[in-house]
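Encoded as structure tokens, the structure appears first; notes follow it.
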Amino acid sequence: MDYISEAERMKIFYKGFSEAGNADQLASLYPDVLSDIDDPDSSPALRDGSIFLFHAFYPLYHKLSYVNNNRFIHEDILYFESTPQRVYTAEELYTTLQSLAPFAVPELIRTIGCSSATMTLLQNAYADQDKEAFTRAIDNKDCDLSLVSTICEYIWPVNIHRANPSEEDIVTSLDVVASILHDEEHPISQSATELSEAVEPYLDGGDEETYLQKLNQYNRDAFDYLCSFYTDSYARFKPKERKQIEPLILKGGGSIETDFHLPEDYFSFRNESGDSSEFFGLHPDVIKAGAKQFEEFVNSLSLLGYIDSSPVAKRLFAYRFSGRLRPAKVEPIEWHGKGGNSYELIYLVRNMTEHNKGKYDKMRCFFTGPDWPKDRHSSYAKGADYHLKETLHKLYPTLPDQL
């Protein structure tokens, strides 16, 4: 049995990601929303809400869901209990797994209750795309599908996503999703509960205009939540994902500003750019000190006034020095040197980065604003402000002070 390579997995993932939330997919999943947009008899509130759903909310929702359900699902698995509304059949489970990208499937298969020998049979059968062997292993080996059924119902609620669901179908599915997670404070559970509450007055014969107002407000609140989910998890998204997600957020009127944080495993990330001319490369002692120390250093530069306080500027600065987590847009950073000079920047580059050639040219390429010495002698670092030197060497006392 041959498992697909990591490169092939990524190719499949990005193909699915590009298709997630495009117009063709949305038209097939939500024909009722599209018809409300095209129907000249639709009320203004219904038409405006449908336009927002189709062109803002749904595209972003499907992009983020695709990434979360295929790359981060292993983190959400901890929230689930084996309390499914119904247990999937072996064939239903196989069909559901087929709808997911390769990153999520191994995590879900591992939630099937069975012996290690049966688990190996299931993994091999799925890797070989042998549906008969997969379903036979489940049916013949007394497997427990409670947990995997619960998770599948959460990832892709059948009643919501089938063609032309009724309002009753939507509420039923939302109630299922809200009850699946044992943590009632989990955002998915809260969101499902709020939407169910927005829909129920209409089902009870309430005023349609009031219902539409509540539903449209919910949709905009939910969109803001999606934007917050993205910005809170920014560091985990790959550059190719950011390039598709951020325009959708901005188009819908959302914000991509967030606090600057680095993941704890920041330095375990591979450099995402094959072009080393885009970054300096950090001294080994800086890497050894870890992500939190580097995060504190970047925030300190902002507090001292050398770089802007925006998260975008901080992330870009971190990339220029480390080469990790390349931003979707790489551009020059405004450097606010003391007295308009570049001495502090020269000092940082001299002390914090690897001994490679072309540092001076990179500085002039990466940063704008300061005056640059006519010659390229690093002795100008001697003129760096004392407070900057003190900040650097308090955080990194093992760095060799070369001055």
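Given the structure, is Leu262 farther than 19 Å from Arg350 by Cβ, at pLDDT 80 or above, crowded, with 17+ Cβ neighbours inside 10 Å and in contact with a Gly (Cβ under 8 Å, 6 or more places away or on another chain)? Explain how you work it out, then say what you get.
On the way: farther than 19 Å from Arg350 by Cβ: yes; at pLDDT 80 or above: yes; crowded, with 17+ Cβ neighbours inside 10 Å: yes; in contact with a Gly (Cβ under 8 Å, 6 or more places away or on another chain): no.
Spelling it out, it is not the case that Leu262 is farther than 19 Å from Arg350 by Cβ, at pLDDT 80 or above, crowded, with 17+ Cβ neighbours inside 10 Å and in contact with a Gly (Cβ under 8 Å, 6 or more places away or on another chain).
Please indicate, with yes or no, whether at least one residue in the stretch 386-403 is modelled with pLDDT under 85 and outside any loop (DSSP other than H, G, I, E, B). Show your work before the answer.
Here is the first cut: in the stretch 386-403, the residues modelled with pLDDT under 85 are 400-403.
From what's left, outside any loop (DSSP other than H, G, I, E, B): none.
Among the residues of the stretch 386-403, not one is modelled with pLDDT under 85 and outside any loop (DSSP other than H, G, I, E, B), which makes the answer no.
Hey, could you check the stretch 338-376 for residues that are among the aromatic types (Phe, Trp, Tyr) and not in a helix (DSSP H, G or I) and say which is surrounded by the fewest Cβ atoms within 10 Å (Cβ to Cβ)?
Only one residue tops the list, namely Trp372.
Take Ala198 and decide whether it is part of a helix (DSSP H, G or I), assigned by TED's automatic domain parsing to the domain that holds Tyr66, at pLDDT below 75 and closer than 30 Å to Leu325 by Cα. Before you say what the answer is, go through the steps one by one.
On the way: part of a helix (DSSP H, G or I): yes; assigned by TED's automatic domain parsing to the domain that holds Tyr66: yes; at pLDDT below 75: yes; closer than 30 Å to Leu325 by Cα: no.
Against the criterion (part of a helix (DSSP H, G or I), assigned by TED's automatic domain parsing to the domain that holds Tyr66, at pLDDT below 75 and closer than 30 Å to Leu325 by Cα), Ala198 does not qualify.
Please determine, by comparing only the residues of the stretch 339-380 that are of a type in the set (Asp, Glu) and within 28 Å of Lys329 (Cβ to Cβ), which one is modelled with the highest pLDDT.
The extreme case among them is Glu344.
Condition first: within 29 Å of the chain's Cα centre (by Cα), charged (D, E, K, R) and within 20 Å of Thr391 (Cβ to Cβ). Now tell me which residues in the stretch 311-358 satisfy that.
Within the stretch 311-358, Lys314, Arg315, Arg320, Glu334 qualify.
Note down all Cβ pairs under 6 Å where the first residue falls in the stretch 31-58 and is closer than 27 Å to Phe17 by Cα and assigned to a helix (DSSP H, G or I), the second is charged (D, E, K, R) and at pLDDT 90 or above, and they're at least six residues apart or on different chains.
Qualifying pairs under 6 Å: Ser50/Asp36.
Considering only the stretch 323-337, state which residues are crowded, with 18+ Cβ neighbours inside 10 Å, closer than 13 Å to Gly369 by Cα and touching a Ser or Thr at 6+ places or on another chain (Cβ under 8 Å).
Ile333, Trp335
In the stretch 328-361, what residues are farther than 24 Å from Lys394 by Cβ, touching an Asp or Glu at 6+ places or on another chain (Cβ under 7 Å) and in contact (Cβ under 8 Å) with a residue 40 or more places away in the chain?
Ala328, Val330
Would you confirm whether any residue within the stretch 81-90 is crowded, with 17+ Cβ neighbours inside 10 Å, in a loop (DSSP other than H, G, I, E, B) and modelled with pLDDT under 90?
Within the stretch 81-90, one or more residues are crowded, with 17+ Cβ neighbours inside 10 Å, in a loop (DSSP other than H, G, I, E, B) and modelled with pLDDT under 90.
Of all residues in the stretch 109-143 being surrounded by fewer than 14 Cβ atoms within 10 Å (Cβ to Cβ) and in contact (Cβ under 8 Å) with a residue 40 or more places away in the chain, which is nearest to Arg86 (Cα to Cα)?
Asp139
So which residues in the stretch 91-118 are modelled with pLDDT under 85 and among the aromatic types (Phe, Trp, Tyr)?
Phe103, the sole residue that qualifies.
Scan Gln293, Gln244 and give me the residue that is over 30 Å from Glu19 (Cβ atoms), part of a helix (DSSP H, G or I) and not acidic (Asp, Glu).
Gln293
Quick one: count up the residues across the stretch 91-105 that are surrounded by 15 or more Cβ atoms within 10 Å (Cβ to Cβ) and within 27 Å of the chain's Cα centre (by Cα).
10
The values are calculated or read from the model by the stated rules, or taken from the named source; none is laboratory data. Just so we're clear, the structure is a prediction, and the values are computed from it rather than from any experiment. Every residue, glycine as well, gets a Cβ built from its backbone with ideal geometry; the counts of neighbours run over all protein chains shown.
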